[in-house]
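Chemist: Let me give you the structure first, and then I'll get to my questions.
The values are calculated or read from the model by the stated rules, or taken from the named source; none is laboratory data. Computed from a predicted structure; not experimentally measured. Note that each Cβ is placed from the backbone with ideal geometry, even for glycine, and that neighbours are counted across all protein chains shown.
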């Protein structure tokens, strides 16, 4: 069967989605290289340009030296080391601005040419609003590490990550709404599987924020036990599920394994399609990446791979909800 070419609307959404995936990957690099607190101001317009002269770099370095990360962690670092972490964070912010332009400029053109239905106009404004909120959330997250402790709030980091996945999901959902065939109704079990995957991602954000991947670097046992000994250290007990690194890591493990079991049950019993098989294989690989990341105490390469591949698995989960074969993927109307 001949595949139809993608429409301009579909290319617009796909391009934005791919850039958001790149932003998720780069966010992992920024976090693991400890670059996120290197730029101590938020200048959405004037911050487009990095320091260009030696004096500019010296001024930026002097500003950084006034904050806790330099005083408590990086005291004595060289200007060259500072430039590296600065440019990592700068690239992350610059990509965010690029995503905004890639989304907004075609949106204005399509809107003026009457290419958007009332539904697409409303959905686009929701995505645009969430994109602006994501920029604000990113700075709100950074601010939490500029006060006393040079560590960003794990809750703000998780919210920042969750917003990225939400925007990516909405873009994929909008892309699905361009197809010229009725979508299938997802089964309750596939929705449950996808829900488990989302919870796994959210707990992954908490694991990153609490640096919980640096403890209990064994699998499947934690300190020789199925359940970590200090899992209920804090009071009240419920706060341990969000604050205790040992219990947060345990929850992330449990949710990942539960998602893996569920997706294979989904394929074998409810959604026996090539796309669901691909989803199951990708999730299996993601669990392996997670275990290796844990074994090697979260090296940058594996940590970034784990986060980036998680976004791929999330995308496959989104697609699996609406399509049960590859033939519909490119059947998008203009």
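Chemist: If residue 238 satisfies all but one of (1) part of a helix (DSSP H, G or I); (2) without any contact (Cβ under 8 Å) to a residue 24 or more places away in the chain; (3) surrounded by 16 or more Cβ atoms within 10 Å (Cβ to Cβ), what's the number of the condition it fails?
Modeler: Failing condition for residue 238: (3).
Chemist: Only one residue in 216, 203 is crowded, with 16+ Cβ neighbours inside 10 Å and assigned to a loop (DSSP other than H, G, I, E, B), so which one is that? Let's see the steps before the verdict.
Modeler: Numbers: 203 fails: assigned to a loop (DSSP other than H, G, I, E, B).
From the options 216, 203, the qualifying one is 216.
Chemist: Quick check on residue 9: is it more than 16 Å from the chain's Cα centre (by Cα), assigned to a helix (DSSP H, G or I) and crowded, with 16+ Cβ neighbours inside 10 Å?
Modeler: For residue 9, the condition - more than 16 Å from the chain's Cα centre (by Cα), assigned to a helix (DSSP H, G or I) and crowded, with 16+ Cβ neighbours inside 10 Å - is met.
Chemist: Now a separate question. I'd like the full set of residues that are surrounded by fewer than 17 Cβ atoms within 10 Å (Cβ to Cβ) and part of a helix (DSSP H, G or I), limited to segment 140-158.
Modeler: 140, 143, 155
Chemist: Just the residues that are more than 21 Å from residue 205 (Cα to Cα) and in contact with a helix residue (DSSP H, G or I) (Cβ under 6 Å, 6 or more places away or on another chain), please, taken from segment 18-51.
Modeler: We begin by selecting, within segment 18-51, every residue more than 21 Å from residue 205 (Cα to Cα); these are 39-51.
Within segment 18-51, 39, 40, 42, 50, 51 qualify.
Chemist: Can you tell me how many residues within segment 89-127 are in contact with a helix residue (DSSP H, G or I) (Cβ under 7 Å, 6 or more places away or on another chain) and outside any helix (DSSP H, G or I)?
Modeler: 2
Chemist: Scan segment 31-41 and tell me whether some residue there is part of a helix (DSSP H, G or I), farther than 16 Å from residue 97 by Cβ and in contact (Cβ under 8 Å) with a residue 24 or more places away in the chain. Spell out how you get there, then give the answer.
Modeler: Step one: of segment 31-41, the residues part of a helix (DSSP H, G or I) are 31-32.
Okay, now just the ones that are also farther than 16 Å from residue 97 by Cβ, so 31-32.
With in contact (Cβ under 8 Å) with a residue 24 or more places away in the chain added as a condition, the list becomes 31-32.
Yes; the residues of segment 31-41 include at least one that is part of a helix (DSSP H, G or I), farther than 16 Å from residue 97 by Cβ and in contact (Cβ under 8 Å) with a residue 24 or more places away in the chain.
Chemist: Could you tell me whether any residue of segment 153-164 is in the same structural domain as residue 69 (by TED's automatic domain parsing), in contact (Cβ under 8 Å) with a residue 40 or more places away in the chain, under 27 Å from residue 117 (Cβ atoms) and touching a helix residue (DSSP H, G or I) at 6+ places or on another chain (Cβ under 9 Å)?
Modeler: yes
Chemist: Between 47, 17, 28, which is surrounded by fewer than 16 Cβ atoms within 10 Å (Cβ to Cβ) and assigned to a helix (DSSP H, G or I)? Please lay out each step first, then the result.
Modeler: Working: 17 fails: surrounded by fewer than 16 Cβ atoms within 10 Å (Cβ to Cβ); 28 fails: surrounded by fewer than 16 Cβ atoms within 10 Å (Cβ to Cβ).
None of the other options fit; the residue is 47.
Chemist: Can I ask one more? Scan segment 57-76 and give yes if some residue there is part of a helix (DSSP H, G or I) and within 30 Å of residue 312 (Cα to Cα), otherwise no.
Modeler: No, segment 57-76 contains no residue that is part of a helix (DSSP H, G or I) and within 30 Å of residue 312 (Cα to Cα).
Chemist: For segment 89-105, state whether one or more residues are under 28 Å from residue 7 (Cα atoms) and without any contact (Cβ under 8 Å) to a residue 24 or more places away in the chain. Spell out how you get there, then give the answer.
Modeler: Of segment 89-105, the ones under 28 Å from residue 7 (Cα atoms) are 94-105.
Adding the requirement that they be without any contact (Cβ under 8 Å) to a residue 24 or more places away in the chain leaves 101, 105.
Yes, segment 89-105 has at least one match.
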